[in-house]
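The values are calculated or read from the model by the stated rules, or taken from the named source; none is laboratory data. Computed from a predicted model, the values in this text were never measured in an experiment. Here the Cβ positions follow ideal geometry from the backbone for every residue, glycine too, while neighbour counts run over all protein chains shown. Accessible surface areas use protein heavy atoms only, side chains included; no ligands, DNA or RNA. Shrake-Rupley method; radii C 1.70, N 1.55, O 1.52, S 1.80 Å.
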Amino acid sequence: MRRFDFVTLKLFISVADEGRLTAAAEREHLALAAVSKRISDLEALVGTTLLYRRPRGVELTPAGQAFLHHARRIMDNIERLNAELSEYGEGVRGHVRIHSNTSAIIAFLPQDLSAFSRLYPEIKIDLQERVSSEIITAVRDGLTDIGIFAGHVAAPELQQLSYRHDRLVLMTPIDHPLAGRESIAFNEALAFDFIGLQQDASLQSLLNEQANLAGKALRMRIQVRSFDAICRMIHHGMGVGVLPEQTIYRDLGDLQLKSIPLSDPWAQRELVIGMRRYATLPATARHLVDHLTQHHQNEDTLYRLEASHRI
């Protein structure tokens, strides 16, 4: 038993999670042959079969279930050990990796990270912009310490904390037939052409889902990769679009646009901070999570109250 290595334990957990050796190999960035050999060597070491090989993947044997339970506990203990030692090593020095969606990067993170950097100037922040689905995968696979993504995207394997709330609005040209409305239900706008984000964006998935629930098709005319591009297309009369309210305020002065609050309950969105486990984060990452979840609760509460009065 003392011949176990942590790479193989982590690999076995990935195989159990994915149910396929190929998917586990991609997740761990290993060749399929190397994964197969490591699992075979592991079974030889423990003296029993841990996986049933099926045509469409693998399943855990009873021994495999027991091994998985202990493997998870061992890897959790290693992560907790690293987190606790970081308190004694570099303390509040080091770096934190963050993956975030566009909404948080535009609307909230600039001021939040700036305030954090003033408190902890020796902590380097590595921030990357990703769509919510990619963020969840990166957190799960240990490619980033924390992720900030839309709360409606399922991530049951992650521990989540509330970060901020935002509101979705319908953007139209200033001379559009809907521009005079004070608020509007999403299904009322479905008669018009839409400008939206790429298909893998969580906001685009949400809009497609709500259109389907309304029994209508979302008439996508153009799909782009940024909120700025959506606003500029709308300004030139190419269609309408749905955006988080706090991401478009800076465009309204230059472009002839009208922002109309959506009256649908789902238009009040939550942004969450996701992590594998708070207790196993490095000390530097825990400092950042604490900062993000505590420093703007009053402002967020005021924003939600104001939003509820406007709708």
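Which residues, counting only those in segment 143-193, are closer than 22 Å to Ala285 by Cα and part of a loop (DSSP other than H, G, I, E, B)? Correct list: Leu143, Thr144, Asp145, Gly151, Ala155, Pro156, Glu157, Leu158.
All conditions in (1) surrounded by fewer than 20 Cβ atoms within 10 Å (Cβ to Cβ); (2) among the polar types (S, T, N, Q); (3) under 25 Å from Val272 (Cα atoms) hold for Ser183, with the sole exception of (3). Within segment 98-125, if we keep just the residues that are among the β-branched types (Val, Ile, Thr) and either part of a helix (DSSP H, G or I) or at pLDDT 90 or above (or both), the residue that is surrounded by the most Cβ atoms within 10 Å (Cβ to Cβ) turns out to be Ile98.
Of the residues making up segment 267-286, those that are open to solvent by 40 Å² or more (accessible area, probe 1.4 Å) and assigned to a strand (DSSP E or B) are Gln268, Glu270. Assigned to a helix (DSSP H, G or I) and touching a strand residue (DSSP E or B) at 6+ places or on another chain (Cβ under 8 Å): does that describe Glu79? Criteria not met by Glu79. Scanning segment 247-267 for residues that are under 23 Å from Met220 (Cα atoms) and either of a type in the set (Asp, Glu) or in contact with a strand residue (DSSP E or B) (Cβ under 6 Å, 6 or more places away or on another chain) (or both) yields Asp251, Leu257, Lys258, Ser259, Ile260, Pro261, Leu262, Asp264, Ala267. Set side by side, the residues Ile222, Ile234, Ile174 differ, and just one is under 19 Å from Ala107 (Cβ atoms) and either among the hydroxyl-bearing types (Ser, Thr, Tyr) or more than 23 Å from the chain's Cα centre (by Cα) (or both), which is Ile234. The number of residues in segment 24-64 being over 24 Å from Asn82 (Cα atoms), open to solvent by 10 Å² or more (accessible area, probe 1.4 Å) and part of a helix (DSSP H, G or I) comes to 15.
For segment 8-32, residues that are touching a residue at least 12 places away in the same chain (Cβ under 8 Å) and either farther than 17 Å from Ala138 by Cβ or small (Gly, Ala, Ser) (or both) total 12.
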